[in-house]
């Protein structure tokens, strides 16, 4: 395991936390069967719906986690930051059978799907953990970096709640909302993660 990977992230609406703590972080297919709120963009979900992981399941049959939640997905949802949390997930989740790592956004047509052991060695963590993915003078570098920022850990069906170690929120008000829903793990206020 790269020493740079100390935790994984899951962007989640705060209102979903009681369900997550009861059922785990579910794949899209399973989550659709429960009442929940989604931060996903429909056009991206439509793309993901057509992706088959080589030798594995359909992409929507994996719970997806990020290496770094300060990414293009969070940037697009920054206006909703007060209603979001980033769950901190133990890297031990990568030991679950049949977990897959994608070297960029898993819906990208150029994504590689790798075992965690191989993926961790191949991922470009300088790109993944960079604060900014813009390249004003190089459109191709911008698109590549933007996709790499969204590298994923794909857990078949469900990432159990036991792997949740805490949460980040944008403000004290969001922390209070999370506490009121019964979240009993560490909560860190980190506006920077939410582009605030």
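The values are calculated or read from the model by the stated rules, or taken from the named source; none is laboratory data. Bear in mind that the values here come from a model prediction, so they are computed numbers and not experimental data. Glycine gets a Cβ as well: all are built from the backbone with ideal geometry, and neighbour counts include every protein chain shown.
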Item to complete: Taking only segment 101-119 into account, find how many residues are part of a loop (DSSP other than H, G, I, E, B) and under 16 Å from the mean Cα position of the chain (by Cα).
Response: 7
Worksheet item: Right, residue 122: within 19 Å of residue 53 (Cα to Cα) and surrounded by fewer than 16 Cβ atoms within 10 Å (Cβ to Cβ) or not?
Response: yes
Practice prompt. Among the residues of segment 1-17, write down those that are part of a loop (DSSP other than H, G, I, E, B) and either surrounded by 14 or more Cβ atoms within 10 Å (Cβ to Cβ) or touching a helix residue (DSSP H, G or I) at 6+ places or on another chain (Cβ under 9 Å) (or both).
Written response: 1, 2, 4, 5, 6, 7
Practice prompt. Can you confirm whether segment 127-139 contains a residue that is surrounded by 13 or more Cβ atoms within 10 Å (Cβ to Cβ), in contact (Cβ under 8 Å) with a residue 60 or more places away in the chain and at positive phi?
Written response: no
Fill in: residue 195 vs. criteria at pLDDT 95 or above, in contact with a helix residue (DSSP H, G or I) (Cβ under 6 Å, 6 or more places away or on another chain) and over 24 Å from residue 31 (Cα atoms)
yes
Fill in: segment 32-43 - residue that is out of contact with any helix residue (DSSP H, G or I) (no Cβ under 9 Å at 6 or more places or on another chain) and under 18 Å from residue 108 (Cβ atoms) and, of those, modelled with the lowest pLDDT
42
Discussion item. I want to confirm something. Restricting to segment 18-35 and keeping residues that are within 17 Å of the chain's Cα centre (by Cα) and in a loop (DSSP other than H, G, I, E, B), which single residue is farthest from residue 92 (Cα to Cα)?
Written reply: 27
Discussion item. Can you list residue pairs whose Cβ atoms sit under 9 Å apart, with the first residue in segment 14-36 being at positive phi and touching a residue at least 40 places away in the same chain (Cβ under 8 Å) and the second being assigned to a loop (DSSP other than H, G, I, E, B) and surrounded by fewer than 20 Cβ atoms within 10 Å (Cβ to Cβ)? Count only pairs 6 or more apart in sequence or on different chains.
Written reply: 24/157; 24/160
Worksheet, complete the sentence: When every residue in segment 44-65 that is in a helix (DSSP H, G or I) and in contact with a helix residue (DSSP H, G or I) (Cβ under 8 Å, 6 or more places away or on another chain) is compared, the one nearest to residue 161 (Cα to Cα) is 61
Discussion item. Residue under question is residue 98, and the condition is that it be outside any helix (DSSP H, G or I), out of contact with any helix residue (DSSP H, G or I) (no Cβ under 9 Å at 6 or more places or on another chain) and on the phi > 0 side of the Ramachandran plot; does it hold?
Written reply: yes
Worksheet entry | Residue selected from segment 20-31 under the condition at pLDDT 95 or above and buried (at least 19 other Cβ atoms within 10 Å of the Cβ), by the criterion farthest from residue 122 (Cα to Cα) | 20
